[in-house]
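What follows is a set of notes on a single structure, which appears directly below.
Since every read-out is calculated from the coordinates, none of them should be taken as a lab result. Keep in mind that this is a model prediction, so the values were computed, not measured. When we count neighbours, we look across all protein chains shown, and the Cβ atoms used for this are built from the backbone with ideal geometry, even at glycine.
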Amino acid sequence: MPSKITKSKDNINKSSLKNKFKKELNISIYRKKIDKIDIKLHDLIMKRAIYVKNIAKQKKKHVNGKVDIYRPSREHEILVDLLKRHKGDFPLKVLINIWRNLIGGYISLQGNLKISYDISLENLVKDYFGITMVYKRINSIDKSLNQLNRNSLDILVVPFPNNKQKWWLSLTKYKSLFIIGSISEYIFEKPKAVILGKQDMEYTKINDVIYMITLEYKQTQLFEKYIKQKNYILLSKGKVDEKYISLLFSTLLSTQEEANNNLYLLKNSEFKRSKIRIIGAMPYLSKKELNDRKNKVQ
């Protein structure tokens, strides 16, 4: 007759096997659920590609000349909508990276977007635009600005302007080139690079609008005081020649109309003889603005 100890061991082994079977069964059920989600995700990715190609065809029918396939404000709003509705433990940085690669893939369906960039920005640029783009390193920003102006490039990515980065002074020669976007290492951090294009600036909910003015040296201090009072941020200044200096400054605005109104006021201030224009409008997002948008949705 088996001992009580043997029976007890048998019961423990059966119970352990039963629990293991239940655990494996539960894992199997969850894996099947994940597999179904993967299939749905893949179906939606393919379906979205069809819509993107249809939009591209419609653009070519209704737009004469070159079609702008890179739309920074549209991409910005897509990412903002994702950020507004995102919940749970999935890392936000990974989510943004996934969508940036998806957007890059869909852009490539509409045509080859030729992106030239300063070598110091290589990792930043490729992380931002994804693996499907046509990339080219540049040796000279001035030379590349000229190529962009002649339509040899689609977009050009260069370091954010400051007192060490004076490439922006060359924009006085190119009236049809604009700063159309910016790139940060993370969505809420200060930009490390700007995106230049020969296309119209687009405006979203909040934009960092950049102005450039050329005036006489003797007016510099007075103008700096003026823009500080008007809550503009001075980004950079650089010598044009022995008599003139250019200044780059920016402010946050909601619409193109506001940007043009500011330009009108600046042109009709005490610096009337100065040359002034808008050279950029970059989509902007702060944590505060994102929280405000989330609160409106809830």
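In this structure, the amide hydrogen of LYS114, modeled 1.01 Å from its nitrogen in the peptide plane, lies closer than 5 angstrom to those of ASP154, ILE155, counting only residues at least 5 positions away or on a different chain. In a fully extended conformation the segment linking HIS86 and LYS228 would gain 47.4 nm over its present Cα-Cα distance, using 0.36 nm per residue.
Helices assigned as whole DSSP H runs in the chain whose Cα atoms extend at least 30 Å along their own long axis and whose mean Kyte-Doolittle hydropathy is 0.5 or higher are not found.
Over every Cα atom in region 108-247, the radius of gyration and the widest Cα-Cα span, Dmax, amount to 16.1, 53 Å.
Calculated from DSSP H runs of 4 or more alone, at -39500 (n - 2.57) each and per residue, what is the 222 nm mean residue ellipticity of the chain, nearest 500?
Values: 8 runs with 142 residues, N = 298.
When only DSSP H runs of four or more count, the value is -16000 deg cm²/dmol.
Checking (1) 67, 52, 28; (2) 112, 45, 39; (3) 70, 41, 40 against the coordinates, the calculated Cα extents along the principal axes in Å falls under label (2).
Across region 76-110, the residues whose backbone nitrogen lies under 19 Å from the label position 7 Å along the beta-carbon direction of ILE34 are 88-92, 94-95, 98. Only Cα pairs under 8 Å and 6+ residues apart enter the sum, and on that basis the relative contact order of the chain stands at 16 percent. The packing ranking of peptides 188-197, 251-260, highest mean first, is 188-197, 251-260, where packing means the average number of other beta carbon atoms within 10 angstrom of each residue. List the residues of region 88-112 whose backbone N lies under 15 Å from a point placed 7 Å from the Cα of LYS136 along the Cα-to-Cβ direction. Backbone N within reach: 112.
Which links in LYS230/LYS275; LYS53/LYS205; LYS87/LYS114; LYS173/LYS225; LYS175/LYS243 stretch past 29 Å when you go from one Cα to the other? List each step's numbers first, then the result.
Working: LYS230/LYS275 19 Å; LYS53/LYS205 27 Å; LYS87/LYS114 35 Å; LYS173/LYS225 27 Å; LYS175/LYS243 22 Å.
Beyond 29 Å between Cα atoms: LYS87/LYS114.
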